[in-house]
Amino acid sequence: MAGIVVVFDFDKTIIECDSDNWVVDELGATDLFNELLPTMPWNSLMDRMMKELHSQGKTIEDIVEVLKRTPIHPRVVPAIKAAHALGCDLRILSDANLFFIETILKHLGLEEYFSEINTNPSYVDEEGRLRISPYCDFTQSPHGCSRCPPNMCKSVIIERIQASVSTDGKKRLIYLGDGSGDYCPSLKLKEGDFVMPRKNFPLYDLICKNPLLIKAEIHEWTDGEELEQILLNLINSISIEEDAQFLSADCKLQTISVEALPQALPVQQ
């Protein structure tokens, strides 16, 4: 199934929580986070929170241990592995950050299953503090989308993925997400694509307001069990459809070669 690209959001899609909130809450910094939240963009706030936690003596190892405890539905990992085994190209598109995502994927044994992770950059500096940067430098090069947070418009990334998909001969996208930031890329999906919004989450609610704005087929899910079932059913359905098209084209070629070619004319002696 090399013709299918599956794009996953991360927070509340692959994992069961918001990874930023999870780390802040588990390390006891919720009150400070809530106090600062009205004063700066979320992405900038997370960088500030990593500074505050570092100044309180929290280490990278403390953060890693918290990330290893991140809740995840037991059927999500098998679903990802099964989609990969079926030949799908799996990618992540998330407004979390690279350190959190890579740490969790490594702990789950999934780091080799994704060809691409699109998210906010992060790194550990020389003092051992985690630094988190915006995917899009909104002070210098704003993305200009009013629907999305200033640091990331996911539709810009989806359009790049779509361009690379057409270049590689891949045809179909399946997009899984839950949040309001997943609505903009869902609008960019085409006929023949699929969107899987998590039911009763912001993406689902936005789609329900006017489903006709979405060109892709809509398949909602509620938990990891449904995610696995619906995702694998879609992949198998696409596979059956493409096999049928291949057989149909092959039959047409055989018919043309046997019946439709012009008869040879006798050569006049």
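How many residues does the range 92-109 contain that are within 14 Å of SER19 (Cβ to Cβ) and assigned to a strand (DSSP E or B)?
Residues in the range 92-109 being within 14 Å of SER19 (Cβ to Cβ) and assigned to a strand (DSSP E or B): 5 in total.
Which of the residues spanning the range 89-109 are touching a helix residue (DSSP H, G or I) at 6+ places or on another chain (Cβ under 6 Å) and open to solvent by 10 Å² or more (accessible area, probe 1.4 Å)?
ASP95, THR103, HIS107, LEU108
Can you say whether PRO78 is open to solvent by 10 Å² or more (accessible area, probe 1.4 Å), outside any loop (DSSP other than H, G, I, E, B) and touching a helix residue (DSSP H, G or I) at 6+ places or on another chain (Cβ under 7 Å), as far as the supplied structure shows? Don't jump to the end; show me each part of the working.
Numbers: open to solvent by 10 Å² or more (accessible area, probe 1.4 Å): yes; outside any loop (DSSP other than H, G, I, E, B): yes; touching a helix residue (DSSP H, G or I) at 6+ places or on another chain (Cβ under 7 Å): yes.
Yes.
Applying the selection to the range 11-47, what residues are aliphatic (A, V, I, L, M) and at pLDDT 95 or above?
Kept after step one, since they are aliphatic (A, V, I, L, M), are these residues of the range 11-47: 14-15, 23-24, 27, 29, 32, 36-37, 40, 45-46.
Once the filter is applied, which keeps residues that are aliphatic (A, V, I, L, M) and at pLDDT 95 or above, the range 11-47 yields ILE14, ILE15, VAL23, VAL24, LEU27, ALA29, LEU32, LEU36, LEU37, LEU45, MET46.
Pick out, from the range 110-183, the strands (runs of 3 or more DSSP E) lying fully within it that include 1 or more residues that are at pLDDT 95 or above, open to solvent by less than 70 Å² (accessible area, probe 1.4 Å) and over 23 Å from GLU52 (Cβ atoms). Walk me through how you get there before you give the answer.
Working: elements: 116-120, 122-124, 130-132, 172-177.
Strands (runs of 3 or more DSSP E) meeting the threshold: 116-120, 172-177.
The values are calculated or read from the model by the stated rules, or taken from the named source; none is laboratory data. The model shown is predicted, which means the values in this text are computed figures rather than measured ones. As a convention, Cβ positions derive from the backbone with ideal geometry for all residues, glycine included, and neighbour counts pool all protein chains shown. Areas reflect the complete protein model, heavy atoms only, side chains present, ligands, DNA and RNA absent. Shrake-Rupley method; radii C 1.70, N 1.55, O 1.52, S 1.80 Å.
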